[in-house]
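None of the figures in this text is laboratory data; all of them are computed from the coordinates on show. Because the structure is predicted, anything quoted here is derived from the model rather than measured. Cβ atoms come from the backbone with ideal geometry, glycine included; neighbour counts cover every protein chain shown.
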Amino acid sequence: MSFTITTVYLDGRTETRDATPEEVAQREADLVAFEAERVAREAAEAQAAAAKASAIAKLEALGLTADEVSAAFGLQVT
Amino acid sequence: MTNGLVVMTPTSIAYSGTSASINSDGSVVFSACTSLSLNGVFTSDYDNYMVTIRATGTNDTYVRCRLRASGVDESSASNYYVDQYLYALSTTVGAARTTTNGAQSFYFSNAQRSGNTAYFFGPFLAQPTAVREVGAVGYQNATLQEFAWTHSLSNSYDGFTFYPNAGSLTGLLTVFGFNQ
């Protein structure tokens, strides 16, 4: 991966340079970290959604209506 | 000078992407940027700052932020504390927390629209900085979002860098100092 960085000064001067190896390495590390975080976050969200659906199903099996589940537990039955 | 918000014109900006420039009113306009750094917007004149940003992005993605001093980003993961996130989209209210960041979440971006206000508390002071961001984003038509994070070092920072996890950003931002 390579990219350029352009600096703009108040007096209108601009300087464009190639990113340093350290800057490139940082961006590459960022991308790896962000992707890992995205995967972990989506897994956590899926797990939470599954737990919510399971809880709603069990409450409805006890005889609660969708409105009662929503009012008592704040769970939106969709 | 009366009390109120004072526009902080950057002494310089640095970007990767298509273009960015400093407007005569002190705001910064940027187009298809994968990163944008502002230098010299935090000074000894004021303790606390507000940053307003309107932007669109090519992706639905988090936008990250790093504090910056003398043109160099602070990027050590161990120096950023917890990143806390609250959101409301559709009928869901949720939260998330990340503890090992080398950059903190700034806001969530999307292609339709986003408007965000970030507050930086004491970035130029030689003490740990705190940041809080609130915003609205067009993700799933409308999402309410709020981020909070802290930085551990007692260092002085004169600017910040922000960038999307993926894609690029187009928009305009202004930094204000709280004069009191």
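If you take the Cα Rg of chain A and divide it by 2.2 N^0.38 Å, with N the number of residues, what do you get?
Normalised Rg, Cα atoms only: 2.17.
Go ahead and estimate [θ] at 222 nm for the protein assembly as shown from helices alone: -39,500 (n - 2.57) per DSSP H run with n ≥ 4, summed, over the residue count, rounded to 500.
-6500 deg cm²/dmol
Say R0 is 41 Å: what FRET efficiency, to the nearest 0.05, do B:N3 and B:V72 get from their beta-carbon distance?
0.80
Just to be sure I understand the model, the point goes 7 Å from the Cα along the line to the Cβ. What's the resulting B:R97 to A:E35 distance in nm?
Here the answer is 2.9 nm between the modelled labels.
Give me the compactness ratio for chain B, meaning the Cα radius of gyration over 2.2 N^0.38 Å.
In units of the 2.2 N^0.38 Å rule of thumb, it is 0.97.
Please tell me the relative contact order of chain B in percent, rounded to the nearest whole number, where contacts are Cα pairs under 8 Å and at least six residues apart.
It rounds to 35 percent for chain B.
What nm value, rounded to one decimal, do you get for the distance between B:T150 and A:A55 when each label is placed 7 Å out toward the C-beta?
Result: 2.9 nm between the two label points.
With each pseudo-label sitting 7 Å past Cα toward Cβ, what's the B:N59-B:S19 distance in nm, one decimal?
About 2.5 nm, to one decimal.
Taking the protein assembly as shown, how much of its Cα-Cα pair set, in percent, is spaced more than 28 angstrom apart?
38
As an exercise, use a Förster radius of 22 Å and the Cβ-Cβ distance of B:T117 and B:S44 to find the FRET efficiency, rounded to the nearest 0.05.
0.40
Check B:L125: other-chain or 5+ apart residues with amide H under 5 Å from its amide H, H built from backbone geometry?
Here B:Y157 satisfy the definition.
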